[in-house]
Every structure is written in C-alpha cells, then in structure tokens.
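The values are calculated or read from the model by the stated rules, or taken from the named source; none is laboratory data. Keep in mind it's a predicted model, so treat the numbers as computed, not measured. Glycine also receives a Cβ, built like all others from the backbone with ideal geometry; neighbour counts cover every protein chain displayed.
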C-alpha cells in the first residue's frame, strides 16, 4: 500500500495536474472570499468563512474527479493493470494506496486556506470575533467530504478505461450524493420519508458539522459511504470485468 501511495502521490507532484488543481481551487475560493462583491467577506462585513464551506464542495465536485480519473482508467488504457495485479500486493493495497494519494492531494489543497481563517480572525471586530468551533467542524466536514469524493472518483475510474468517462461519472455521482438526495426529499410530501431521504445525502450531515456539532452519526455516515465506494471498487477489480 505504501509503495502504491508513494508512486501515485509522486506522480501527481511530478506532473502539472496537482499544481493546476491546487492553484484553481485556491484562486477560485480566494476570489470568491475576497474579490467578488456578492460573496466577499470584506463587503458583507461578517467574520465567517461560509463562502469557503458552502461553495468549496461544489468546486470539489469537479476538481476531485479530475484528480482521481486516472487512478485505474490509465492503468487499463496502458495495459499495466494486469501487471500491477501480479505484484505481491493485494487488491486492497492497490485501492487504498490510490485512494490515499488522491486524498493527500486534497489535504494539500485545503491546508493553505488556513491563511484565510487567520486573516478573518485578525480582521474581526474585536480581533478573534469568529466562530472557531464552527470553523473547526466545517473543516472536518470538508475534509471528510473530500474523502468521500475521492472514494467515488476511484470507483468511477475502476469501471472504465476512459478517463473522460471516469471524470463525468464521478462528478455526477458526487453531485447526487452531495445535494441530489436533499433535492429529491423536497419532492416527497410525507415529512418522515422526506427526512429519511435527506439523511441519505451528504449535505444534511455536512451542514450539521458546519455548525460545530461533531456527531458520531455524521462521522459514521462519511466513513460508511467512503468504505462502501472502496468496497465497490474492490468488487469491480475482483470481477476482472474490464
């Protein structure tokens, strides 16, 4: 697993993909937080990071599939998938290694946004007038969300040798899991069913953590969806139907 992780992560760093993705994410979020008047912290006058945590997931929906689309699709296209599976590595080693490499790149992209928190902390009136527990909960939620999206991207990459198809499938699934269930629940008249459908999606659990409430049920949800996607990836690889 460590060998796969190192190979994949170094592959990202030795190509323009990682730097483009990190640059696009930081530039886009930075402009939304500080430049565009509709979402700028400087214009609406509240010391919070809602812009990052409300719009960041939608940026992730496109950026994370771009990171993971080559995970297995490239191996299949280049004909190296069979060679990789003959090495003294289990399928789980390969899957977890590729997943962690993508997830590590997401962490690298998110880490510089702590500068935004520090800036808002200093700009608050009085200094430090920011909901720090809420920010911490939101960061945990954003990181766990990144993990779910990475697992979805790895799964999408395992079902096709075409990177573009992998990207489209992953982006679609990420959107459905993030806000699709929430939107569908609004179409259900009965309150009980609407709530249950809403809780199947990420948005309900993500919003809960954004309020600074680190509930074990929310953590279990994120870990379960991530595990399910990786298990489905294992099933695809085991079937050899590629």
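For region 170-197, the tally of residues that are within 27 Å of residue 66 (Cα to Cα) and free of Cβ contacts under 8 Å to residues at least 60 places away in the same chain stands at 10. For region 83-139, the candidate set comprises residues that are within 30 Å of residue 235 (Cβ to Cβ) and outside any helix (DSSP H, G or I); within that set, the residue that is modelled with the highest pLDDT is 90.
Which one of these does residue 187 not meet: (1) surrounded by fewer than 16 Cβ atoms within 10 Å (Cβ to Cβ); (2) assigned to a helix (DSSP H, G or I)? It fails just one condition, (2).
The single condition from (1) surrounded by 21 or more Cβ atoms within 10 Å (Cβ to Cβ); (2) under 13 Å from residue 62 (Cα atoms); (3) under 15 Å from the mean Cα position of the chain (by Cα) that residue 166 fails is (3).
Of the residues making up region 195-242, those that are part of a helix (DSSP H, G or I) and either closer than 15 Å to residue 57 by Cβ or touching a helix residue (DSSP H, G or I) at 6+ places or on another chain (Cβ under 6 Å) (or both) number 23.
Taking region 71-82 as the search range and keeping residues that are crowded, with 16+ Cβ neighbours inside 10 Å and either over 16 Å from residue 4 (Cβ atoms) or over 16 Å from the mean Cα position of the chain (by Cα) (or both), which one is modelled with the highest pLDDT? Within region 71-82, the match that is modelled with the highest pLDDT is 72. Could you tell me whether residue 206 is at pLDDT 90 or above and on the phi < 0 side of the Ramachandran plot? Judged against the criteria, residue 206 is not a match.
Candidates are the residues of region 15-25 that are modelled with pLDDT of 80 or more and surrounded by fewer than 17 Cβ atoms within 10 Å (Cβ to Cβ); the one that is nearest to residue 74 (Cα to Cα) is 16.
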